[in-house]
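Visitor: One structure, pasted below without further comment.
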Amino acid sequence: MSCQLAADNVLYANGLYRLVYDLVGTILPCWLSYVIAGLVMIFVLVNAVLLGAAVITWAERRLLGRFQNRVGPNRWGPFGLFQPLADLLKLLTKEDLTPDGADKPVFALVPILMVAPLVMMTAVIPFAENTSLAALNVGVLYILAVSSITSIAIFMAGWSSNNRYAMFGAARSVAVLISYEVPVVLSLLGVVMVAASMSLGSIVEAQVLPFFLVQPLAFFVFMAGMSAELNRSPFDVAEAESEIIAGYHTEYSGVKFALIQAAEFGGVGVVSAIAATLFLGGWSGPWSEYLGWLWFLIKTGAIVFLFIWFRATYPRLRIDQIMAVSWKFLLPLSLVNLAAVTLEVFLLRGPEGVLTTGDLGIMAVINVVVTVVAIWVFGNLIRDRVKFQARQPSDVVVPGVTTIEVH
Amino acid sequence: MAVREWAGQELSEALRRELPEAVEGFDETAAWVNPSQVGAAAIFLRDEPSLDFRFLNSITAIDYVEYFDVVYHLTSLKQQWCAVFKTRLYGRQDLSLPSVYQVWKGADYQEREIWDLMGVYFEGHPNMKRIMLWEGFEGHPLRKDFL
Amino acid sequence: MTIRTEPMTVNVGPQHPSTHGVFRVRITFDGEDIVEVEPVFGYLHRGTEKLAEERNYVQVVTLTDRLDYTSSMINNQAYCIAVERLLGVEPPPRAKYLRTLTAELQRIAAHLIAVGFFVQELGAFGTPLMYAFRSRERILELFEMLCGARITVSYMRPGGVFADAPREFWPALDRFLEDFEVEFAEMEQLLLENEILMIRTRGVSPIPPEVAVNNSVSGPVLRASGVNWDWRKQDPYDAYDQVEFDVPVGSHWDNYDRFWVRIQEVHQSLRIIRQCIEQIEPGPARLELPLVLRPDPGREAYGRVEASKGELAFYLVSDGGIAPYRCKIRSPSLINLTIIEELLVGWKLADMIVSLGSIDINMGEVDR
């Protein structure tokens, strides 16, 4: 006799989980098959994250090569596709150094603590219809909660390394992560309000019109905030390679470095997947019951490309400027977005409290205008005014030489 | 347009008017200054408006075995002229000159370099220690008798 | 509650990714703010001045290549001018034009590196640097046509240049100038009005002209401080009295101006190169001089040029032998570093790297 998973279990919606559960349940006790099916799914997700990280490292290096008029890795495999594998092998064979003065247990714990939240976040992402491992009804909250573990891991890395550059990186990173949490959370509030749900599955279903059209401001704040949380350019002060070597992971080598690197690039993948789910409509698209995974991958890839594009283009901001961008620019923007969306939802929703496609269209039109105006207004407010004044010409200027002056 | 180079005689006369005891003589291109008077001469050369040598191009020490020459190349950006003054130190041990760090801060590393490589000490330099070689290195490698 | 804080001393370098070689600065930080700076040199000290005393006058040319290895043509030029002044000879006109032309090409190459790394240090990951290197590579190929070497060129000799340019050099130069116009415009478009670059560099580390002059700063750093002093104008050597060009100066004295001055100087260099191509006439490219030079004893010469980093000068003293009795190198990189305290103290860690990049030092020249 086989086991029956309760229909209100968060794992019930996942078809693969139920399949494994039923299969194992025919020979083993139910509690054991519950665990084994879970382990199988964890195996799949961990591999998805790490493989995704590998693909993103490859894509990043190839694309940066294209952006910079060079080739990028192209030696091993077609288009250098096996390069991440070679990198991994190299890192695995390297000596795993721990500095003398390091706090050893904490130092060793960091790489695991960096990867774990990423894998945990993937548990609620719907890769296609009914494929999220746990159809958690507080998915958005869960993601926000789990993702902030990373900041602790980074601070642990910086503190335990006993390296001053690592300390700089950690101090900067924690400051950045805490400041950017606020606008990101506020921008997601608008999404949750329009979708009237915190479950990622329902948010995808609510996006008859993708939310990056309905709330462009929220999408903008989310992308900027996530660039900062992932330590990506132009907010990559935590590991600013030209200033503080490699920031918090200066002292890491070998397999620990590989894991941190995987966490970094896996983070790009997971965050892009979340952005695709929350703002680009996730798996929804034509023939989504069969091709949902394809739409999901395409949308995720588009966001990954955006991150790589930022990295190839922007110089880095200084730490105080990054704080200013967060508190003086993104926070007001997310508040404007929240106010606008609240009013619109309040005025437009029908008697049962639902928004129709037409309502979303009206919101999109209004919010695009709000976005342009808000970014323009706050963008001009934040600009440094009179930080420098034109200087008096000095008396050491040589007469009789034609000069051109900067304006 | 081209900068004018002061002849040695011209510069020594200009110096002699204010600091008669500082000038020892002159040659074709340079005025010779008494080693102990280098500081006073430097301040005069910089501050006197008719000279206005506010830019120190370089300081060079030359080892002639019996004596050392220290050569100062100066420029006035405003007046567009250049001048050279030299000073001579006899002996090989315990050589020292007044530092011109307080007059031209550009002398900072050059004086340290001369101390490091030539062994001429500059009195009054706030950070007189070796620059290229490490602390504790023996000898001054640019001297003719080194190696 | 009061939180106890203490300053933290960090050794930036000698193995730091953006100190332009093996340069070390001992910096004391209060949080991210710099309170004390002490540069430490000597990691690349090779005793060039001593080595020059052991070689004859022509052999020293190869040593000069290795000073500032991003602008070896200009180093050659400075040394050759010093030797010519020592001997009292003048190179033929064609040699003068060839020297001016190659020196300006080298200046473009050196400024491209300076600008590329400057933006790299602002955190732009590689893209502007690669744009700069794409054009620099073309210049190095031109050098290869002239003398067979790309970096350590040793192209110039006392009395002229090593050999006249080959026939295929001139069309290649024309092609380069044509392409470079476009490539450089692309780079300017990417960088000049870049908002992040502006807020990171505008108003940061201004050096007033009086301070710059008192610290013997020269070259683009001095000009960015508002002093229009350029040895090519003030003391024209080679063919610089035959060509027209302007001197860009900064008006805010900050990091942005130092970056901007270099960009503008590339334009002026292009102007000079074009005029050289127009004016150059056939003729000998090298003065007939004996292989082993023996200047008169007791002579001395101060040969200076406006190198890409500033005033580069060789002070040669002869004792009548085949080698210089004393060969002092006035290296602009070392002396420009005198302002390091004014430049860094009071600014942040992130600005430190950028300011260091803006004075564009080269350790080969600092330590010699």
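Visitor: Provide a single number: the residues in the stretch B:65-101 that are within 11 Å of chain C (Cβ to nearest Cβ) and without any contact (Cβ under 8 Å) to a residue 24 or more places away in the chain.
Guide: 3
Visitor: Hey, could you check the stretch C:120-145 for residues that are of a type in the set (Asp, Glu) and more than 8 Å from every other protein chain (Cβ to nearest Cβ) and say which is farthest from A:Leu63 (Cα to Cα)?
Guide: Across the stretch C:120-145, the extreme among qualifying residues is C:Glu144.
Visitor: On to the next question. Based on this model, can you work out whether C:Gly123 counts as touching a Lys or Arg at 6+ places or on another chain (Cβ under 9 Å) and farther than 16 Å from C:Thr70 by Cβ?
Guide: The answer is yes for C:Gly123.
Visitor: Quick one: would you say B:Arg143 is within 13 Å of another protein chain (Cβ to nearest Cβ) and more than 14 Å from the chain's Cα centre (by Cα)?
Guide: Criteria met by B:Arg143.
Visitor: Still on this structure, please answer the following. Being crowded, with 24+ Cβ neighbours inside 10 Å and β-branched (Val, Ile, Thr) is the requirement here; does A:Ile203 meet it?
Guide: Yes; evaluated as a whole, the condition is true for this residue.
Visitor: Continuing with this model, one more query. Residues in the stretch A:241-255: is at least one under 20 Å from A:Ala53 (Cβ atoms) and within 11 Å of chain C (Cβ to nearest Cβ)?
Guide: Yes: one or more hits.
Visitor: When you scan the stretch B:27-63, how many residues do you find that are polar (S, T, N, Q) and away from every other protein chain (no Cβ under 14 Å)? Spell out how you get there, then give the answer.
Guide: First, pick out the residues of the stretch B:27-63 that are polar (S, T, N, Q): B:29, B:34, B:36-37, B:50, B:57-58, B:60.
Adding the requirement that they be away from every other protein chain (no Cβ under 14 Å) leaves B:34, B:36-37, B:50.
Looking only at that region, the number is 4.
Visitor: So which helices (runs of 4 or more DSSP H) stay within the stretch C:1-117 end to end and still have 2 or more residues that are more than 30 Å from B:His140 (Cβ to Cβ)?
Guide: In the stretch C:1-117, C:72-87 are the helices (runs of 4 or more DSSP H) which contain 2 or more residues that are more than 30 Å from B:His140 (Cβ to Cβ).
Visitor: What about C:Glu54, is it under 25 Å from B:Asp108 (Cβ atoms), surrounded by fewer than 18 Cβ atoms within 10 Å (Cβ to Cβ), within 14 Å of chain B (Cβ to nearest Cβ) and not aromatic (Phe, Trp, Tyr)?
Guide: no
Visitor: Give the stretch C:328-368 a look and list any residue that's surrounded by fewer than 24 Cβ atoms within 10 Å (Cβ to Cβ), of a type in the set (Val, Ile, Thr) and in a loop (DSSP other than H, G, I, E, B), or say none.
Guide: If the condition is that a residue be surrounded by fewer than 24 Cβ atoms within 10 Å (Cβ to Cβ), of a type in the set (Val, Ile, Thr) and in a loop (DSSP other than H, G, I, E, B), then C:Val345 is the only one that fits.
Visitor: While we're looking at this one, here's another question. With the requirement that a residue be in contact with a Lys or Arg (Cβ under 6 Å, 6 or more places away or on another chain) and assigned to a helix (DSSP H, G or I), what does the stretch B:10-54 give you?
Guide: B:Arg46
Visitor: Among what's in the stretch C:124-165 and is over 19 Å from the mean Cα position of the chain (by Cα) and aromatic (Phe, Trp, Tyr), pick the residue that is farthest from C:Asn75 (Cα to Cα).
Guide: C:Phe125
Visitor: Then there's this: In the set C:Pro290, C:Pro324, C:Pro284, C:Pro295, which member is more than 23 Å from the chain's Cα centre (by Cα), within 12 Å of chain B (Cβ to nearest Cβ), on the phi < 0 side of the Ramachandran plot and outside any helix (DSSP H, G or I)?
Guide: Within the list C:Pro290, C:Pro324, C:Pro284, C:Pro295, the selection yields C:Pro324.
Visitor: Check A:Ala170 against each of (1) closer than 23 Å to A:Ala37 by Cα; (2) crowded, with 22+ Cβ neighbours inside 10 Å and name the one condition it does not meet.
Guide: (1)
Visitor: Of everything in the stretch C:208-221, what is within 19 Å of the chain's Cα centre (by Cα) and either more than 9 Å from chain B (Cβ to nearest Cβ) or without any contact (Cβ under 8 Å) to a residue 12 or more places away in the chain (or both)? Give them in sequence order.
Guide: Passing the criteria: C:Ala212, C:Gly219, C:Pro220, C:Val221.
Visitor: For the stretch A:325-372, enumerate the residues that are assigned to a loop (DSSP other than H, G, I, E, B), closer than 17 Å to A:Val192 by Cβ and of a type in the set (Gly, Ala, Ser).
Guide: A:Gly353
Visitor: Ok, one more. If you check A:Ile322 against the conditions, is it over 25 Å from A:Ala240 (Cα atoms), within 18 Å of the chain's Cα centre (by Cα) and assigned to a helix (DSSP H, G or I)?
Guide: When the stated conditions are applied, A:Ile322 does not pass them.
Visitor: Regarding C:Ala78, is this residue more than 14 Å from chain B (Cβ to nearest Cβ), modelled with pLDDT of 90 or more and closer than 27 Å to C:Thr338 by Cα? Before the answer, list the steps.
Guide: Working: more than 14 Å from chain B (Cβ to nearest Cβ): no; modelled with pLDDT of 90 or more: yes; closer than 27 Å to C:Thr338 by Cα: yes.
No.
Visitor: Still on this structure, I have one more. Just give me the residues in the stretch C:16-39 being more than 9 Å from every other protein chain (Cβ to nearest Cβ), on the phi < 0 side of the Ramachandran plot and not acidic (Asp, Glu), in sequence order.
Guide: Listed by number, the residues that qualify are C:Thr19, C:Val22, C:Phe23, C:Arg24, C:Val25, C:Arg26, C:Ile27, C:Thr28, C:Ile34, C:Val35, C:Val37.
Visitor: Which pairs do you get when a residue that is at the interface with chain A (Cβ under 8 Å from one of its Cβ atoms) and part of a loop (DSSP other than H, G, I, E, B), found in the stretch C:235-257, comes within reach of a residue that is among the charged types (D, E, K, R) and surrounded by fewer than 21 Cβ atoms within 10 Å (Cβ to Cβ), reach meaning Cβ atoms under 8 angstrom, with the pair 6+ apart or on two chains?
Guide: Cβ pairs passing all conditions: C:Gly250/A:Glu405; C:Ser251/A:Arg391; C:Ser251/A:Glu405; C:His252/A:Arg391; C:His252/C:Arg202; C:Trp253/A:Arg391; C:Asp254/C:Arg202.
Visitor: Can we say C:Asp296 is free of Cβ contacts under 8 Å to residues at least 24 places away in the same chain and surrounded by fewer than 24 Cβ atoms within 10 Å (Cβ to Cβ)? Spell out how you get there, then give the answer.
Guide: On the way: free of Cβ contacts under 8 Å to residues at least 24 places away in the same chain: no; surrounded by fewer than 24 Cβ atoms within 10 Å (Cβ to Cβ): yes.
Against the criterion (free of Cβ contacts under 8 Å to residues at least 24 places away in the same chain and surrounded by fewer than 24 Cβ atoms within 10 Å (Cβ to Cβ)), C:Asp296 does not qualify.
The values are calculated or read from the model by the stated rules, or taken from the named source; none is laboratory data. Fair warning: this is a prediction, and the values are worked out from it, not measured in the lab. Virtual Cβ from ideal backbone geometry, glycine too; neighbours counted across all protein chains shown.
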